[in-house]
Amino acid sequence: MNKMAIAAVVLAVGAGGYLLSQQGTSVVKNDPMLDYIPADTLAFSGQLVPFPLKDYLYSIAGNYQAYDVDKMLPLDENSSAKERFFVSLYKQYMSVLSEPETLLSTYGLPDTIQSYFYTLGALPVMKIELSNPAAFWAELDRAEQESGLTHTVGQSGSVEYRGYALTNADDEEHIDIVFAVKDNWLTVTLNTSFNQAELLETALGEKKVEHPISATTILQDIANAHGFMQDSISFINHVELVKGLTSTDGNMLAKQMTKMIAIEGEDPFAELKTPVCQTELNGIAANWPRSVMGLNSYSISREESNIDASMVFESNNQVILSALNKMRGFVPSFTTKGHDNILSVALGVDVNQLAPALNEVWTDLQTPQYQCAALAQMQLQLSELNPAMLGMMTGMANGVKGISVTLADYKLADNNGQPSFETLDALISVSAEKPMMLVDMLKPFYPPLANIDLKDNGDPVDITPMLMLPPELGVSAKLAIKGNHLVAYTGDRGTELADLMYKQSLESNGFFNMAVDYQKMFAPLVDMVEMSGEPMPEEMLMLKDYNMRLQMSVDFTDKGLVIGSKVNSKANTK
């Protein structure tokens, strides 16, 4: 069982990473592939509309340099043929990743692609569209010759497949990773000594499932509820997962586990199958039914790609969602829009509401008092973390609504053999109802503040001496109160951002935002190291030309906890 779980996780992670790289305007209602996917699948990720894979690979090609795989995944004389086989496949993938034409031809992939990942109970299944299956088989042949691993050939219905053993020959249970192609669709799944032959037939597309996802509106409902494009939808079904663990025949997972338990003679989830645990765990799952992911927008060309995606942990618990929404605070506009700055990090928290909100969450998590032993133990541990103490700790930060740090620009220089800043543009802000009161409260704890004649009128004061930085660094900074914002800043761009803060009203507009431009961040640092003559770490050198920008956010809505991600990548022409 442990080996089965490990193998399933390995396959699922690989499939998930692949599909996440191509999250690509309507659900294809007559998509025949959906007839083979059960409605009670634990997880699903489908590229339902062909994604422009070739153009996307061109747009990111220069941003992925070849790592030294021999260092990452070292092999020696004790390495097994299985290890050598999978390392060989990975090394080949890394070597062609920056060459789109070669990558597609190596694996027989089309210019535009569809793909799916789902589960048949506990069995993971990945399907990828191919344009040249012979090329894919040739790649497996190459890895076999290099590693010494051989495959077995099996037959399931009309489909012939290759199996590569993941277990040892003398193991009581046998697990193979299976590759098969039918109608130019590659299937990657697992075959075990304890699953029925019909399950593999279903995975390989020889049999349709009894209750397919195509007979439901699950995908349309997810897209409509969260405003996703319908090109690509993904989800994890918490309700079906709990049902599988707490029942004997509630879904495909439960039935598979019941058969497995009959073989093993021991049920590791027996305590969860008591009536009270079934009721309470299913109640929790109903309140947090799914984790879903989809696209808000995307545009792909060979020169540039933009992908705006969101992941939502759905919740029907309005008490907790309402409490979390009360915690939201202020985040500056420049941390959520565009990529003008190198790095921006903002945390919006209404400190006045923090302790009361967490107390509401804490109280709700302890209501009702669970009778299921596992849940009762969790509640007991939670009872020792009373958030009321947090109220005393946050008292000094009364009125604070958020903090932010922004590095807008910088350039390094060599000052007599020592690094210094030729330019530095940065801003640190604390947003509060009464920022002057906050400064007055801090003065007893940091005496140098008492010597600062700070006015509540936007005029800056020089705080360079307070920084106590070596003069050769060339850093000077100012402190000012700009409306509801206490700001410390340096450089021309820092001054612009401080003035921009002055124009922003204090509102609860977010929880967490981060934006980073990798190339702008690392290029000056790499240039400085190169000028110094010091050896350059390989990882740092690769990041110099990493022409990619990322924006990430965490927020709360009436639908759940939302994690947003916006990625912009431009083809590196160097």
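The values are calculated or read from the model by the stated rules, or taken from the named source; none is laboratory data. Only a predicted model underlies this, so the values are computations on that prediction, with no experimental measurement involved. Virtual Cβ from ideal backbone geometry, glycine too; neighbours counted across all protein chains shown. With ligands, DNA and RNA removed, areas are computed over all heavy atoms of the protein, side chains included. Shrake-Rupley method; radii C 1.70, N 1.55, O 1.52, S 1.80 Å.
Counting only residues that are surrounded by 15 or more Cβ atoms within 10 Å (Cβ to Cβ) and either basic (Lys, Arg) or in a strand (DSSP E or B) (or both), region 146-167 holds 8 of them.
Can you name every residue in region 214-231 that is out of contact with any Ser or Thr (no Cβ under 8 Å at 6 or more places or on another chain), over 15 Å from Ala39 (Cβ atoms) and open to solvent by less than 30 Å² (accessible area, probe 1.4 Å)? Within region 214-231, Ala223 is the sole residue that qualifies. Please determine whether any residue of region 271-282 is part of a strand (DSSP E or B), open to solvent by 30 Å² or more (accessible area, probe 1.4 Å) and not basic (Lys, Arg). No, the conditions are met nowhere in region 271-282.
Look at Asp111 and say whether it is within 30 Å of Ile218 (Cα to Cα), outside any helix (DSSP H, G or I) and either open to solvent by 30 Å² or more (accessible area, probe 1.4 Å) or touching a helix residue (DSSP H, G or I) at 6+ places or on another chain (Cβ under 9 Å) (or both). Judged against the criteria, Asp111 is a match.
Only residues that are part of a strand (DSSP E or B), open to solvent by 40 Å² or more (accessible area, probe 1.4 Å) and in contact with a Phe, Trp or Tyr (Cβ under 8 Å, 6 or more places away or on another chain) were counted in region 307-327, giving 1.
Evaluation of Gly491 against the conditions (1) at negative phi; (2) open to solvent by 20 Å² or more (accessible area, probe 1.4 Å) shows that the sole unmet condition is (1). For the structure I just gave you, tell me whether Phe334 is under 30 Å from Ser569 (Cα atoms), open to solvent by 40 Å² or more (accessible area, probe 1.4 Å), out of contact with any Asp or Glu (no Cβ under 6 Å at 6 or more places or on another chain) and among the aromatic types (Phe, Trp, Tyr). It is false that Phe334 is under 30 Å from Ser569 (Cα atoms), open to solvent by 40 Å² or more (accessible area, probe 1.4 Å), out of contact with any Asp or Glu (no Cβ under 6 Å at 6 or more places or on another chain) and among the aromatic types (Phe, Trp, Tyr).
Residues that are of a type in the set (Val, Ile, Thr), within 25 Å of Asp414 (Cβ to Cβ) and open to solvent by less than 30 Å² (accessible area, probe 1.4 Å) do not occur anywhere in region 503-523. Number of residues in region 168-181 that are surrounded by fewer than 17 Cβ atoms within 10 Å (Cβ to Cβ) and either touching a Ser or Thr at 6+ places or on another chain (Cβ under 6 Å) or of a type outside the set (A, V, I, L, M) (or both): the value is 6. Considering the conditions (1) closer than 20 Å to Ser95 by Cα; (2) modelled with pLDDT of 65 or more; (3) open to solvent by 80 Å² or more (accessible area, probe 1.4 Å), Leu57 is excluded by exactly one of them, (3).
Here Pro419 meets the list (1) part of a helix (DSSP H, G or I); (2) out of contact with any Lys or Arg (no Cβ under 8 Å at 6 or more places or on another chain) almost entirely, failing just condition (1). Just checking, which of Ser88, Ser45 is small (Gly, Ala, Ser) and part of a strand (DSSP E or B)? Testing whether each residue is small (Gly, Ala, Ser) and part of a strand (DSSP E or B) leaves just Ser45. Report, by residue number, each residue of region 410-451 that is touching an Asp or Glu at 6+ places or on another chain (Cβ under 7 Å) and either open to solvent by 70 Å² or more (accessible area, probe 1.4 Å) or modelled with pLDDT under 90 (or both). Across region 410-451, the qualifying residues are Lys411, Leu412, Ala413, Asn415, Gln418, Ser420. Within region 347-360, residues that are farther than 21 Å from Thr336 by Cβ and aliphatic (A, V, I, L, M) sit with their Cβ atoms under 6 Å from residues that are open to solvent by 20 Å² or more (accessible area, probe 1.4 Å) and modelled with pLDDT of 90 or more, at 6+ positions apart or across chains, in these pairs: Ala357/Lys326. Checking each residue in region 230-247 for being modelled with pLDDT of 95 or more and not small (Gly, Ala, Ser) picks out Ile233, Phe235, Ile236, Asn237, His238, Val239, Glu240, Leu241, Val242, Lys243, Leu245, Thr246. Report, by residue number, each residue of region 285-306 that is among the acidic types (Asp, Glu) and either open to solvent by less than 60 Å² (accessible area, probe 1.4 Å) or part of a loop (DSSP other than H, G, I, E, B) (or both). Answer for region 285-306, where residues must be among the acidic types (Asp, Glu) and either open to solvent by less than 60 Å² (accessible area, probe 1.4 Å) or part of a loop (DSSP other than H, G, I, E, B) (or both): just Glu303.
Which residue, of Met260, Met252, is more than 21 Å from Ile284 (Cβ to Cβ), buried (at least 19 other Cβ atoms within 10 Å of the Cβ) and not hydroxyl-bearing (Ser, Thr, Tyr)?
Only one candidate passes the filter, namely Met252.
The set of residues in region 72-100 that are among the hydroxyl-bearing types (Ser, Thr, Tyr) and either crowded, with 17+ Cβ neighbours inside 10 Å or within 27 Å of Tyr58 (Cβ to Cβ) (or both) comprises Ser88, Tyr90, Tyr93, Ser95, Ser98. Any residue that is of a type outside the set (Ser, Thr, Tyr), in contact with a Gly (Cβ under 8 Å, 6 or more places away or on another chain), open to solvent by less than 50 Å² (accessible area, probe 1.4 Å) and in a helix (DSSP H, G or I) - is there at least one of those in region 377-396? Within region 377-396 (the criterion being of a type outside the set (Ser, Thr, Tyr), in contact with a Gly (Cβ under 8 Å, 6 or more places away or on another chain), open to solvent by less than 50 Å² (accessible area, probe 1.4 Å) and in a helix (DSSP H, G or I)), the answer is no, since none of the residues qualifies.
Inclusion of Glu139 among residues that are not in a loop (DSSP other than H, G, I, E, B) and not polar (S, T, N, Q) is warranted.
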